[in-house]
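Working notes, structure below.
The values are calculated or read from the model by the stated rules, or taken from the named source; none is laboratory data. None of these values were measured; they are calculated from a predicted model. Neighbour counts run over all protein chains shown; Cβ positions are idealised from the backbone, glycine included.
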Amino acid sequence: MLNPQIQQWRFRREGDRDEGVVVSATEGLRWIEDGVLTAEDEVSPADRTQWCVLGDHPYWGQQISNPARAYAATEDEVDPDMTSMIDVVFQLIIFFMVAASLTVQKTLDSPHQKSQQQGAAATESELKDEHVFVVLSTDGTVKVNDETIAPESYDTLLDVLKNAISEMDNSEMVLDAPDDVKHEYVIAVLDAAAGAEVNKVLLVARPDGGDATQ
């Protein structure tokens, strides 16, 4: 093991009297393995002048006697195992990809159409007189009472529903939508109804192509 307090060392050739070359301990071990340094060369801590022959040094003397083992041990110390960190990074990436793909949709409880048909039938005119009446077409056009809203103007749907509820003084809404209407249009209408604080949504059923029934 390297002395953790000394990571920089000076090395110089045998017989030289200069200040030597300052390198890291890992680089020094590499020089020993490559044969650049020999047992007769000198070593000193980088922060002070305390030269010693490599072969006589308590640490470097052991390394010079077995350079391949010393360098391999140092490589193991310097290069940490990154496998666990890579696994964690990939798991985080997958988590955020899944989280980003999810969309939170507001929902509004509405009775099932079949359970509605068990009550007394109501004509379309009666429903319009007593509730906020919303007609959703297959092309996404929404008609709230007598006001028509195109799909590109859905951002106004919330205010329109609020005004209709205020005028009718009734927070129940009737939704008349064909079976083949796109789901995204229905979700947009229900989201606006939730924002307008609609308490109940009634779905219109048209048995045998007749008048609307509740």
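Odds and ends about this structure:
- When region 25-40 is limited to residues that are surrounded by 15 or more Cβ atoms within 10 Å (Cβ to Cβ) and among the small types (Gly, Ala, Ser), the one that is nearest to Pro58 (Cα to Cα) turns out to be Ala39.
- Residue list for region 41-51, restricted to those being closer than 14 Å to Val22 by Cβ and either touching an Asp or Glu at 6+ places or on another chain (Cβ under 9 Å) or surrounded by 13 or more Cβ atoms within 10 Å (Cβ to Cβ) (or both): Glu42, Val43, Ser44, Pro45, Ala46, Thr49, Trp51
- Leading residue by the ranking (modelled with the highest pLDDT) among those in region 126-167 that are of a type outside the set (D, E, K, R) and more than 20 Å from Ile187 (Cβ to Cβ): Asn163
- A residue that is touching a residue at least 12 places away in the same chain (Cβ under 8 Å) and of a type in the set (A, V, I, L, M) can be found somewhere in region 3-15.
- The condition of being farther than 13 Å from Leu203 by Cα and modelled with pLDDT of 85 or more does not hold for Lys106.
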